[in-house]
1. Tally the residues that are small (Gly, Ala, Ser) and closer than 19 Å to Gln256 by Cβ, restricting the search to segment 180-235.
2. Filter segment 155-192 down to residues that are aromatic (Phe, Trp, Tyr), crowded, with 20+ Cβ neighbours inside 10 Å and closer than 12 Å to Phe206 by Cα, then give me how many there are.
3. Does Pro118 satisfy being over 18 Å from Ala9 (Cα atoms) and part of a loop (DSSP other than H, G, I, E, B)?
4. Out of segment 43-69, which residues are over 15 Å from Leu133 (Cα atoms) and not in a helix (DSSP H, G or I)?
5. Going by the structure shown, is Leu246 in contact (Cβ under 8 Å) with a residue 12 or more places away in the chain and either among the small types (Gly, Ala, Ser) or not in a strand (DSSP E or B) (or both)?
6. For segment 187-203, give me the residue count where each residue is within 21 Å of Val288 (Cα to Cα) and of a type in the set (Lys, Arg).
7. Give segment 115-137 a look and list any residue that's charged (D, E, K, R) and touching a residue at least 60 places away in the same chain (Cβ under 8 Å), or say none.
8. Tell me, which residue of segment 8-41 that is among the small types (Gly, Ala, Ser) and over 19 Å from Lys87 (Cβ atoms) is surrounded by the most Cβ atoms within 10 Å (Cβ to Cβ)?
Amino acid sequence: MFDRFSDHARQAMAQARLHALRLRHPAIAPEHLLLGLLSQGHTDADFVLSRAGVDRESLRLALQTALPPGHEPAEGRSQLPFTPEAKRVLEAMMAEALARSDRHLGSVHLLLGLAAVPESMPAQILAKLGADLPTLRRALDHAVHTLERSAVRLLLISNSTMHGGGYLEHCAAQIRDFLGRRQRVLFVPYALADHDGYAAKAKAAFEALGHELVSVHTKEHGKQAVDEADAVFVGGGNTFRLLTALYEHSLLPAIQRRALQGMPYIGSSAGTNVATLSIRTTNDMPIVQPPSFAALQLVPFQINPHYLDPDPASKHMGETREERLRQFHEEHDTPVLGLREGCMLRVEGKHAELLGTTNARLFRRGQAPQEFVPPCDLSFLLDD
């Protein structure tokens with residue numbers, strides 16, 4: 001087990017032993033492990049604690065205040081055993097690493113292991129500071145995904161066709177600039193029922209821009225096709241049908257992995273919806289039921305493509321888009337970017353820029369909507 005420890009985890013073990021000796025305690029307990037962890041600076045565990053809203057010095061002070069000195073002689077005690085609780089912490093540490101398919105055990109796994117033994121002093125202090133095990137796990141997931149998104153390249157288009165124009169005509173210049181040299185583009189047609197017809201339409205549009213396009217529905221092994229593609233284009237249609245197919249064909253993790261590695265991702269309408277955290281802000285009818293609303297999560301916010309402003313002269317009594325998004329924020333805190341037809345969002349790592357010919361409207365819980373005129377910098381939306 002210890003041969004899989006990272007340098008920081010090994011140092012935490014060594015420091016834990018020294019703390020136990022200094023306090024004249026007979027064995028290494030979970031509280032010594034946490035003191036050993038806090039004795040180091042700038043570890044991954046520090047980052048996760050910060051994400052969870054825990055001040056490390058406050059944590060250290062609370063722990064030291066709760067620790068009574070022991071009465072064991074310090075001389076001649078080179079080796080100390082682990083208490084049963086400490087052994088459970090190490091077992092939980094291993095379990096957390098296995099659950100995440102992590103080969104090495106680091107400071108973060110030790111932190112999670114400490115929080116996973118609820119009767120231990122560290123777990124109780126962490127809980128009082130608002131950092132129980134579920135909170136720390138969420139903070140870690142958040143931190144990992146934030147780092148992973150640093151390589152993403154996205155072009156998220158509100159709509160594929162403008163009134164009076166051809167397919168992808170209004171965004172052709174942006175697609176050309178985004179993709180650059182000739183690319184092998186993999187098309188995902190599953191938002192519409194006619195896959196062959198849809199693929200032929202997309203193929204003509206991309207070939208006119210100088211790119212090769214093949215549709216994933218023609219491939220026997222879809223995940224392999226994703227791995228071999230230079231870029232992916234996910235077309236519009238019904239978002240529920242699209243996400244259901246991505247789950248059924250096991251394409252969701254494959255596309256997510258490649259996109260997080262930097263493969264260019266272009267989405268239009270439904271393809272833009274599935275690039276976000278979830279499909280909860282789509283305009284579409286749920287004609288099928290996906291296993292989950294969770295989507296590719298390539299950006300840390302929601303998008304509402306085809307955003308339509310309320311018509312003050314309309315006598316229609318149904319809900320407006322703005323009212324629906326207000327209802328979303330009665331249940332969720334996540335910002336929603338309303339992309340009117342004609343605009344799009346380009347994301348390059350930690351930079352996001354609004355492009356196109358129409359404004360976007362940003363909705364946040366408890367705040368008045370904000371208007372943004374392209375071109376403009378929306379990178380703050382990536383700071384989740």
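The values are calculated or read from the model by the stated rules, or taken from the named source; none is laboratory data. Nothing here was measured: the structure is a model prediction, and the numbers come from that model. We place every Cβ from the backbone using ideal geometry, glycine too, and count neighbours over all the protein chains shown.
1. Residues meeting the conditions: 6.
2. Residues flagged as aromatic (Phe, Trp, Tyr), crowded, with 20+ Cβ neighbours inside 10 Å and closer than 12 Å to Phe206 by Cα within segment 155-192 amount to 1.
3. For Pro118, the condition - over 18 Å from Ala9 (Cα atoms) and part of a loop (DSSP other than H, G, I, E, B) - is met.
4. The answer is Thr43, Asp55, Leu67, Pro68, Pro69.
5. Yes.
6. Qualifying residue count for the region: 0.
7. Lys128
8. Ser39
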